[in-house]
Amino acid sequence: MTAEQGMDLRRPEDSADLVVVRRRPVFPWILAGTAVALTVWFLFALATNPALDWSETAAYLFNRQVLHGVWVTVQLSVISAAIGIILGLVIALGRLSHNKVLRTLATGYIAVFRSVPALVQLLVWGNIGLVIRNVSLGIPFTDIGFFSMPTNELIGPFTASILGLALSESAYMAEVIRGGVLAVDKGQLEAASALGMTHMRTTRRIVLPQALRVIVPPMGNQFITLIKATSLVSVIAGGDLLTQVSNISAMSYRVVEMLGVAVFWYLVMVSIASIGQHYLERFLAKGVRE
Amino acid sequence: MTANALETADREVPMVDVRGVSKRFGHQEVLRHVSLTVRTGEVVCLIGPSGSGKTTLLRTLNHLETVDRGRVLINGQLIGYRQEQNKLYEYSEKEICRRRRRVGMVFQHFNLFPHMTVLQNIIEAPVGVGKKPRRVAIERARSLLQRVGLSERADAYPSELSGGQQQRVAIARALAMDPELMLFDEPTSALDPELVGEVLAVMRDLAGSGMTMVVVTHEMGFAQQVADRVIFMADGIIVESGPPSQVINAPTHKRTQDFLKAVL
């Protein structure tokens, strides 16, 4: 106020050397303060709740049974992701094929496996033995058979879990991969053709490596979603982390404390996956000017 | 017509022999019964307004574009098809690829493989498709890079190069397959004006070495200096063809005159 009154900006000596004071918005700080206060209050309430015994959580973090559950969850995630990616690649190439039948089949596959919830699929695979009692390999419509065994022996809880997770994963992966392939410039295909490269070779050497850059970020997210989706297999006693933790709490009645154990390990696994994703993306960025 | 063609065939097999090629995209007729021969060692520039069919014609020469009628012979051999009596059967993919290797192509937008270094771009096809030993391919790639003035950039990625440098790498990549014929599809149209010269210099050098070249271009100066023959196309037909002194400096057809008035 006083400066404005005492100064005349038309005079050069007054307009030089003016100090700039930046505007400081107050509202975001009020919001931030409130958020911090709420978080602290929530954590405090959790920590001091007399009904919760956190020493139980700590005691079970590295329990043998829990660690075994973590290991099963890791196996389920990695195996399902691997199968999902390979199967997804085949389905994606089918959808991109010039052959109408292959295209239709691939489209149908994606439609079915993306529509059925993973939980429903797990239940179906977990109970498949009720419908199909024996699995046998032979020549159809003849008596020739190579082997035959009860479905329940062939598809135990672990295999059923893998089937359910991998199949629904493959449908999503197919779409992610297809998107990546379509993102590759058409000129790349023409250049490869003009050099005499076959379609197969072009796909393998030119298209997929470039598509990978587009595919990896959503694929990473998909993998993280999958790690968490493995908890669904507890409904068919899949033996994963959540199954184990539930088993323990069923005896100790320390339900929330045991869920705390699960939360801890899911956090650890997802964090490791996120770090891996970060480095993979950085590696694939070679040759690309950002 | 037939007698004439036979007579030419007797004397010398032309590098490019296009006979009565027609092509339509939907309702639009892009090529209408086009015939063209290019002798070995000849440099031919295709000029004309956009939509005249010049790029499509160029792309039929290595079967990037299929034809609806007529046939294309490269060095006396049908490209893309095999003739049995009155019909042309499209070759298997493998055979098409084998025949394509003898024809190099350079694109408007370079189309280098961005995930490979300059050297990897050049040896990809000779090693993977031509079954050349890696060591030999690398040696050849280095000498080609020297020829296009880029020996220092062998390990750079395409994104680290200027447009002009990328196009010179693209030319080296095409040459690495030892083609008998080089096709250029508006090779300088996507370049900043100050980078056009370096690419044209490489092409001029290539023409001087006796390479047979078919060039779709808007660079009238280049056509005038380097081309043995300039072909003006419009609406899917060849309107006028002859030495540059005639087609560019003294065109006889009204379409050619109008086009040149607009671009020069």
**Principal axis box of the protein assembly as shown, alpha-carbon based, largest edge first, Å** = 108, 102, 49
**Asked** What is the gain in length, in nm to one decimal, between A:ASN63 and A:TYR279 on full extension, counting 0.36 nm per residue of separation less the C-alpha to C-alpha distance?
**Response** 74.6 nm
**Asked** Along the Cα-to-Cβ line of A:ASN221, 7 Å from the Cα, sits a label point; which residues in region A:70-85 have backbone N less than 20 Å from it?
**Response** A:81-82, A:84-85
**Complete:** For A:ASP17 the rounded accessible area (nearest 10 Å², probe 1.4 Å, non-protein molecules ignored) is 150
**Asked** For A:LYS100, which lysines qualify as cross-link partners when the Cα separation must be under 29 Å and same-chain residues fewer than eight apart are set aside?
**Response** A:LYS186, B:LYS23, B:LYS87, B:LYS94
**Message:** Can you compute the charge dipole magnitude of region A:165-237 about its Cα centre, using +1 on each Lys and Arg Cβ and -1 on each Asp and Glu Cβ, nothing else charged? Give it in debye, rounded to the nearest 20.
**Reply:** 160
**Message:** As a test of the formula, what do you get for chain A when each DSSP H run with n ≥ 4 contributes -39,500 (n - 2.57) and the sum is divided by the residue count, at 222 nm and rounded to the nearest 500 deg cm²/dmol?
**Reply:** -22500 deg cm²/dmol
**Fill in**
For A:LEU61 the rounded accessible area (nearest 10 Å², probe 1.4 Å, non-protein molecules ignored) is 30
**Complete:** Expressed as a whole number, the average count of other chain Cβ atoms within 10 Å around the Cβ atoms of B:103-115 is 5
**Asked** With +1 on each Lys and Arg Cβ and -1 on each Asp and Glu Cβ, how big is the dipole of the protein assembly as shown about its Cα centre, in debye rounded to the nearest 20?
**Response** 1140
**Charge dipole (debye, nearest 20) of chain B; +1 at Cβ of Lys and Arg, -1 at Cβ of Asp and Glu** = 680
**Item:** Where only alpha carbons of chain B are counted, the Rg and the Dmax (Å)
**Value:** 18.6, 55
**Request:** Rounded to the nearest 10 degrees, what's the angle between the helix A:27-48 long axis and the longest principal axis of chain A, both from Cα atoms, 0 to 90?
**Result:** 50
**Request:** Take the alpha carbon gyration tensor of chain A, find the square roots of its eigenvalues, order them as a ≥ b ≥ c, and report rounded if a/c is under 1.5; if not, report prolate when a/b exceeds b/c, else oblate.
**Result:** oblate
**Asked** Want the number for A:THR151 to A:VAL19: 0.36 nm per residue separation, take away the alpha-carbon distance, what's left?
**Response** 39.4 nm
**Asked** If Lys and Arg each add +1 and Asp and Glu each add -1, what is the summed charge of the other residues whose beta carbon sits under 14 Å from the beta carbon of B:ASP235?
**Response** +3
**Item:** Shape box of region B:187-251 [Cα atoms, principal axes, largest first, Å]
**Value:** 31, 26, 21
**Asked** Using alpha carbons only, how many degrees (0 to 90, rounded to 10) separate the axis of helix A:255-284 from the longest principal axis of chain A?
**Response** 80
**Prompt:** What accessible area, in Å² to the nearest ten, does a 1.4 Å probe give for B:GLU90?
**Reply:** 100
**Asked** How far is helix A:241-252 tilted off the main Cα axis of chain A, in degrees rounded to 10, range 0 to 90?
**Response** 90
**Fill in**
Computed over region B:98-149, the distribution of all Cα-Cα distances in 5 Å bins, rounded to whole %, is 4, 18, 24, 31, 20, 3, 0
**Message:** Counting only other residues whose beta carbon sits under 9 Å from that of B:THR40, what net charge do I get with K and R as +1, D and E as -1?
**Reply:** -2
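The values are calculated or read from the model by the stated rules, or taken from the named source; none is laboratory data. Model, not experiment: these values are computed from the prediction. Here the Cβ is made from the backbone with ideal geometry for all residues, glycine too, and neighbour counts use every protein chain on show. For the accessible areas, the whole protein counts, side chains as well, though only heavy atoms, and no ligand, DNA or RNA atoms are used. Shrake-Rupley method; radii C 1.70, N 1.55, O 1.52, S 1.80 Å.
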